[in-house]
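Engineer: Below you'll find the structure I mean.
The values are calculated or read from the model by the stated rules, or taken from the named source; none is laboratory data. Predicted model only: the values in this text are computed from it and were never measured. Note: ideal-geometry Cβ built from the backbone for every residue, glycine included; neighbour counts use all protein chains shown. All accessible areas refer to the heavy atoms of the entire protein, side chains included, with ligands and DNA or RNA removed. Shrake-Rupley method; radii C 1.70, N 1.55, O 1.52, S 1.80 Å.
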Amino acid sequence: MQGLLKKDFKIDLVILLIYHLLFTFAAFYFVTKRGGDAQHYWFLNEDLSQKKWQDFFKPGTDIVRCIVYPLVKYFNLPFWTGFIFFSLFSSLGVILLYKIMIEISEDNRILKYFTALLLLLPNLHFWSSVIGKEALLLPFLVLIIFEVHRKRYFSLFIFVALFFIALVRPHVAFVLLLSYTLSLLLVIKSSIKYKMILIGGFGLCAILFSVLLVRIQNFDGGFQRVLKKYDAHIQYFKSTDAYVPLDQYGISMKIFTFYFRPLPLEKAGLRYGIISFENAVLLLLSLVTAYYSLKFFKILYTQILFIFPAILLLLLALMYVFAYANFGIIMRAKMMVLPFLFVLILTVMSTAVSHQKLNRHKSNHI
């Protein structure tokens, strides 16, 4: 029986991998027709004769160009091959995420159906098949979840993953670090000395991430400059077809829009139809998750795979909703936190199922 389960698991992995790689074609077609950062990352229409590989040894966007440089400069590979390479790399994250979700589901058939449903939603696969930061970040984001799931809270892999994420997007790494530190302080029972060491470690990492962020962005002018930059983003997005007036919403509506809009019939077109279906599914599952979170909060608040994603979902949204006012950019930014949302949903559902089984067992012995 165990051998049969392992065989089924391998078959599911192959199907999931093929499904993920199919989005390579969709991503290539989309960028070819509409343009995008992928063209910049692949040095399209750029003369590399005067540029050296070490010119791109910098944090931020140049990390992607540093990885791409030898493929274009020395191997002269065509644009479409980049989508295959990036999709293959991001598939490591998809496969690892599937493994985590199956382990959380244990042998419950309903939870496995939820796992399949969540992993078939397109947004995660599409943006991690485009040449860009999202494809590079996905395996490292999922690696953090994997180590936390295995209760290796101070694993070297977590610090390596956070460091790489900081090289690409230091602000995201900071939010991850803050969320993780807060979740450890809330969940892990420890001494005052231990907590002070944890806070000290957070401070050192935060300084490192801040240095990387300053190397990417110019912060002369302090907080006012940040506000002006946010306002500049909003003004630009107002001229786009996918503009959504986040700047005019209250904070709760901003967060709701970030995670669950557009909803069905809100926007016309095939792309919006697909993403609105996904948002409707996530909204429904999130409502169910919220209900069971409240019902079993006394159990869940001791589980780090509940607290960590919950804090991260809130903080990441708060970071982005004041700067982004475009459905396309929102979809891409949201993609980074989807693995955490999926794991949160499965963790809560698994707790609810286990509690129901326990009650049923008790009632049978009365």
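Engineer: I need a count of the residues in the range 313-348 that are among the hydrophobic types (A, V, I, L, M, F, W, C), touching a Leu at 6+ places or on another chain (Cβ under 7 Å), in a helix (DSSP H, G or I) and open to solvent by less than 10 Å² (accessible area, probe 1.4 Å).
Structural biologist: The qualifying residues number 8.
Engineer: Report, by residue number, each residue of the range 119-129 that is open to solvent by 10 Å² or more (accessible area, probe 1.4 Å) and closer than 26 Å to PHE159 by Cα.
Structural biologist: Once the filter is applied, which keeps residues that are open to solvent by 10 Å² or more (accessible area, probe 1.4 Å) and closer than 26 Å to PHE159 by Cα, the range 119-129 yields only TRP127.
Engineer: Let me ask something else. Pick from the range 227-265 the residues that are among the basic types (Lys, Arg) and under 22 Å from the mean Cα position of the chain (by Cα): which of them is surrounded by the fewest Cβ atoms within 10 Å (Cβ to Cβ)? Don't jump to the end; show me each part of the working.
Structural biologist: Taking the range 227-265 and keeping what is among the basic types (Lys, Arg), we get 228-229, 238, 254, 261.
The next check asks that each one be under 22 Å from the mean Cα position of the chain (by Cα); those that pass are 254, 261.
Working: LYS254: 20, ARG261: 18.
Once the filter is applied, the top-ranked residue is ARG261.
Engineer: Looking at LEU283, is it in contact with a Leu (Cβ under 8 Å, 6 or more places away or on another chain) and at pLDDT 95 or above? Give the derivation first.
Structural biologist: On the way: in contact with a Leu (Cβ under 8 Å, 6 or more places away or on another chain): yes; at pLDDT 95 or above: yes.
Yes: the conditions hold for LEU283.
Engineer: Consider the range 299-347. How many of its residues are farther than 30 Å from THR240 by Cβ and of a type in the set (Gly, Ala, Ser)? Break it down stepwise before answering.
Structural biologist: Going through the range 299-347, the residues farther than 30 Å from THR240 by Cβ turn out to be 299-311, 343-347.
Applying the additional criterion that residues be of a type in the set (Gly, Ala, Ser) yields 310.
Looking only at that region, the number is 1.
Engineer: Another question about this same structure. ALA280 passes all but one of (1) open to solvent by 20 Å² or more (accessible area, probe 1.4 Å); (2) under 24 Å from HIS355 (Cβ atoms); which number fails?
Structural biologist: Going through the list (1) open to solvent by 20 Å² or more (accessible area, probe 1.4 Å); (2) under 24 Å from HIS355 (Cβ atoms), ALA280 breaks only (2).
Engineer: Looking only at the range 142-159, which residues are part of a helix (DSSP H, G or I) and surrounded by 14 or more Cβ atoms within 10 Å (Cβ to Cβ)? Quick ask: steps written out before the conclusion?
Structural biologist: Within the range 142-159, the first condition is being part of a helix (DSSP H, G or I), and the residues that meet it are 142-149, 156-159.
Answer for the range 142-159, where residues must be part of a helix (DSSP H, G or I) and surrounded by 14 or more Cβ atoms within 10 Å (Cβ to Cβ): VAL142, LEU143, ILE144, ILE145, PHE146, GLU147, VAL148, HIS149, PHE157, ILE158, PHE159.
Engineer: Could you please tell me which pairs satisfy a Cβ distance under 8 Å, a separation of 6+ or placement on different chains, a first residue in the range 283-312 that is hydroxyl-bearing (Ser, Thr, Tyr) and part of a loop (DSSP other than H, G, I, E, B), and a second residue that is open to solvent by less than 60 Å² (accessible area, probe 1.4 Å) and modelled with pLDDT of 95 or more?
Structural biologist: From residues that are hydroxyl-bearing (Ser, Thr, Tyr) and part of a loop (DSSP other than H, G, I, E, B), the pairs are TYR301/ILE307.
Engineer: To continue, here is another question. Just the residues that are modelled with pLDDT under 95 and either among the β-branched types (Val, Ile, Thr) or touching a strand residue (DSSP E or B) at 6+ places or on another chain (Cβ under 6 Å) (or both), please, taken from the range 331-360.
Structural biologist: If the condition is that a residue be modelled with pLDDT under 95 and either among the β-branched types (Val, Ile, Thr) or touching a strand residue (DSSP E or B) at 6+ places or on another chain (Cβ under 6 Å) (or both), then THR351, VAL353 are the ones that fit.
Engineer: Separate question: Quick one: ILE110 ticks every box in (1) surrounded by fewer than 18 Cβ atoms within 10 Å (Cβ to Cβ); (2) free of Cβ contacts under 8 Å to residues at least 40 places away in the same chain; (3) among the β-branched types (Val, Ile, Thr); (4) over 25 Å from VAL31 (Cα atoms) except a single one, so which number is it?
Structural biologist: Of everything listed in (1) surrounded by fewer than 18 Cβ atoms within 10 Å (Cβ to Cβ); (2) free of Cβ contacts under 8 Å to residues at least 40 places away in the same chain; (3) among the β-branched types (Val, Ile, Thr); (4) over 25 Å from VAL31 (Cα atoms), ILE110 misses just condition (2).
Engineer: Output yes when any residue across the range 125-134 is among the polar types (S, T, N, Q), in contact (Cβ under 8 Å) with a residue 24 or more places away in the chain and over 27 Å from LEU48 (Cα atoms), and no when none is. Give the steps one after another, and end with the answer.
Structural biologist: Going residue by residue through the range 125-134, those that are among the polar types (S, T, N, Q) are 128-129.
Narrowing further to those that are in contact (Cβ under 8 Å) with a residue 24 or more places away in the chain: 128-129.
From the residues that got through so far, the ones that are over 27 Å from LEU48 (Cα atoms) too are none.
No, because not a single residue in the range 125-134 is among the polar types (S, T, N, Q), in contact (Cβ under 8 Å) with a residue 24 or more places away in the chain and over 27 Å from LEU48 (Cα atoms).
Engineer: A further question on this structure: Pairs, please: C-beta under 8 Å, at least 6 apart or cross-chain, first residue closer than 14 Å to VAL31 by Cα and in the range 83-96, second at pLDDT below 95 and surrounded by fewer than 18 Cβ atoms within 10 Å (Cβ to Cβ)?
Structural biologist: none
Engineer: Moving on. Just one of (1) touching a Ser or Thr at 6+ places or on another chain (Cβ under 9 Å); (2) within 19 Å of HIS125 (Cα to Cα) trips up LYS267, so point out which.
Structural biologist: Failing condition for LYS267: (2).
Engineer: OK, next. Take the range 273-295 and flag every residue that is hydroxyl-bearing (Ser, Thr, Tyr) and over 20 Å from the mean Cα position of the chain (by Cα).
Structural biologist: We begin by selecting, within the range 273-295, every residue hydroxyl-bearing (Ser, Thr, Tyr); these are 276, 286, 289, 291-293.
Listed by number, the residues that qualify are TYR291, TYR292, SER293.
Engineer: Moving on. Has the range 194-209 got at least one residue that is open to solvent by 40 Å² or more (accessible area, probe 1.4 Å), assigned to a helix (DSSP H, G or I) and within 18 Å of LYS58 (Cα to Cα)?
Structural biologist: Checked against the condition, which is being open to solvent by 40 Å² or more (accessible area, probe 1.4 Å), assigned to a helix (DSSP H, G or I) and within 18 Å of LYS58 (Cα to Cα), the range 194-209 yields at least one hit.
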